[in-house]
Structures are given as structure tokens and as C-alpha cells.
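Please treat every number below as a calculation from the coordinates, not as lab data. Just so it is clear, the model here is predicted, and its values are computed rather than measured. All Cβ positions, even for glycine, are placed from backbone atoms using ideal geometry, and neighbour counts span all protein chains on display.
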Amino acid sequence: MESFDEDRMIHLYLPDDYLTSNKRYPVLYMFDGQNLFSDEDATFHSSWHLAQAIEERQFELIVVGQECSHTGNDRLDEYGPYPFADFEAKEAFNGYGDLTMDFFIHELKPYIDEHYPTMPQRETTWIGGSSCGGLMALYAHIVYSDIYSKSLVLSPFVSPVEDYLYLEAFYSELMQDNQMYISWGALEEGKHEFVKETKIISNIVSILSQKGMKFHLNVKENGRHCEQDWAQECNEFLEFLFE
């Protein structure tokens with residue numbers, strides 16, 4: 001990652017026959033790639049088992065997961081598109097999300113398109129993530145709709161940057177044909193936070209709907225803020241990508 005002057009692990013899913021099939025595949029770029037495929041790699045030892053879900057449904061795609069920083073709270077800088085303060089932790093974060101997206105767009109995507117049989121056009125280039133990664137997927141689709149046509153926004157970390165998001169959505173100039181999957185759960189951070197999160201997401205949906213964005217909303221009555229619950233959504237968001 002030139003913007004951060006460091007190396008980073010990329011977790012990659014490829015169809016078994018990608019070398020011999022003569023097919024090209026859509027590509028889903030994901031944040032927190034260490035949590036996608038293997039419990040052994042996952043931060044909290046529980047992954048999404050995404051490869052298994054893809055194979056069970058016989059979908060054909062490439063998944064590219066960028067592993068987050070594991071140094072202190074650097075993940076919140078890297079996956080924060082705007083600066084914000086955490087008053088409980090008494091810590092401020094710089095919001096280096098633009099630098100992260102510079103890596104995704106100008107380094108990672110060109111490398112993947114050069115070395116693997118991708119469908120590189122925006123119609124088959126998608127992005128997704130959860131929590132801070134969900135915030136980044138939301139931001140990326142709003143700002144870079146010329147690159148991404150679909151996004152997966154799971155339990156996005158929106159509360160600290162509410163006003164920034166409203167302004168970003170209001171002034172955005174979206175390409176045509178955009179679709180966004182958003183999910184959030186009632187048991188993530190308590191009732192008060194769920195009500196606030198629902199308000200913020202509803203306002204963003206309202207703004208972007210007027211610009212032509214289409215939405216698949218999934219409010220989870222018993223949804224928690226954890227990998228186990230996001231794993232349970234794999235079938236639903238994969239259906240969304242391929243519908």
C-alpha cells in the first residue's frame with residue numbers, strides 16, 4: 001500500500017477452474033479480508049465461511065479481501081473516510097479512508113485485472129464490508145460510483161460521521177444503475193443506538209434514492225455486531241449481487 005508505505009495481506013477467492021474455464025468473472029472487493037474465509041485467519045476466530053457459501057450456491061465470482069491493519073487502532077484511521085472522535089476512549093481518528101481507496105482503485109484493482117480473468121467494467125465490480133468496513137463500502141459507492149455498481153454495507157459504523165455522510169450523499173453525482181445492500185441489527189449496540197442508526201440509514205437512503213440508487217434493506221430483529229451474524233447473511237447478499 002504505497003499511500004501507507006506498508007505491505008498488506010490480500011485474501012483471494014478464485015473459482016477452482018479459473019485457469020482452464022476461459023471464463024471471466026465479476027469481482028467483489030471486501031474490507032477486513034482476514035474475516036471472510038477461514039476461522040484460523042479471522043480476528044476473533046470466527047469467519048464468514050464465504051467460500052463455502054459461494055460454492056454451495058454455485059455462483060461464479062472472484063473475491064478480493066484486503067486485510068486491515070492490526071496495529072493499535074490504526075484500522076479506525078484506515079477505514080474511516082472522515083475524521084471523528086471517540087469520546088469514551090478519549091481518542092481522535094484522522095480519517096485516512098481516501099488513502100485506503102486510493103490503494104483499492106489505483107493499486108489493487110489494476111493488479112487483479114492484470115493477473116486474473118476478471119470482468120473489469122463497473123457493472124461487474126462490487127465492494128463490501130462490515131462495521132467500519134461497511135462504512136467504507138458505503139462511502140466508496142457514493143464517491144466512486146464510476147468504479148463500483150453494487151455495494152454490500154453490513155452494520156455500517158455511521159453514527160460518529162453522520163453529518164459528513166449526509167453532505168457526501170447530498171452532493172454526490174452518481175453514475176446510472178447503482179444498487180446497495182444495507183443491513184443492520186437491533187441487538188448491535190443497544191436500543192438507543194439501533195434507533196439512531198436506523199434514522200441515519202433511512203436519511204441516507206432517502207437522499208440517494210432521489211439520485212437513482214436502488215436499495216435492498218435488511219433489518220435484523222436479532223442481529224448482533226459480530227462475524228457470526230454477518231456470516232448468516234452470505235446467501236442473501238450473494239443473491240442480491242447476482243439477481
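Other residues within the sphere of radius under 15 Å centred on the Cβ of P15, judged by their own Cβ, net out at -2 (K and R +1, D and E -1).
Taking square-rooted eigenvalues a ≥ b ≥ c of the alpha carbon gyration tensor, is region 121-193 rounded, prolate or oblate, where a/c under 1.5 means rounded and, failing that, a/b exceeding b/c means prolate? Cα axes put region 121-193 in the oblate bin.
Between region 1-51 and region 179-243, the alpha-carbon centres lie 22 Å apart.
Length gained on full extension, Q210 to D39: 57.5 nm, using 0.36 nm per residue less the C-alpha separation.
Size of the dipole of region 150-243 about the Cα centre, Lys and Arg at +1 and Asp and Glu at -1 on the beta carbon, nothing else charged, in debye to 20?
220 debye
How much FRET efficiency would the formula 1/(1 + (r/R0)^6) give for Q176 and N22, where r is the Cβ-Cβ distance and R0 is 35 Å, rounded to 0.05? Calculated value: 0.70. Taking the DSSP beta bridges with both ends in region 10-242, the antiparallel portion is around 20 percent.
For M30, the residues whose amide H sits under 5 Å from its own are V64, G65, Q66, G128, ignoring neighbours fewer than 5 places away on the same chain, with H placed 1.01 Å from N.
Which of the listed residues, I142, Y82, S38, is farthest toward the dipole's positive end in the chain, when Lys, Arg count +1 and Asp, Glu count -1 at the beta-carbon? The listed residue farthest towards the positive side: I142. Helix 162-171 axis versus longest C-alpha principal axis of the chain: approximately 60°, rounded to the nearest ten. Each peptide in 121-131, 222-232 was scored by the mean count of other Cβ atoms within 10 Å over its residues; highest first, the order is 121-131, 222-232. Here the extension length gained between S159 and I105 equals 16.8 nm, from 0.36 nm per residue of separation less the Cα-Cα distance. Counting only alpha carbon atoms, the long axis of helix 132-143 and the longest principal axis of the chain meet at about 80°.
What does the charge dipole of the chain about its Cα centre add up to, to the nearest 20 debye, if the Cβ of each Lys and Arg holds +1 and the Cβ of each Asp and Glu holds -1?
Approximately 840 debye in magnitude.
Quote the FRET efficiency, to the nearest 0.05, computed for A92 versus Q228 with a Förster distance R0 of 22 Å and r equal to the Cβ-Cβ distance. Rounded to the nearest 0.05, the efficiency is 0.10. Please label the shape of region 139-243 as rounded, prolate or oblate, based on the square roots a ≥ b ≥ c of the eigenvalues of the alpha-carbon gyration tensor (a/c under 1.5 means rounded; beyond that, a/b larger than b/c means prolate, else oblate). Because a/c hits 1.5 or more and a/b fails to exceed b/c, region 139-243 counts as oblate. The phi-based Karplus calculation (6.51 cos²θ - 1.76 cosθ + 1.60; θ = phi - 60°) puts the 3J(HN,Hα) values of region 107-115 at 10, 5, 4, x, 5, 4, 5, 6, 9 Hz, whole numbers, x for Gly and Pro.
Toward the positive end of the charge dipole of region 59-154, with +1 on the Cβ of Lys and Arg and -1 on the Cβ of Asp and Glu, the farthest Cα among S130, S69, A92 is that of S130.
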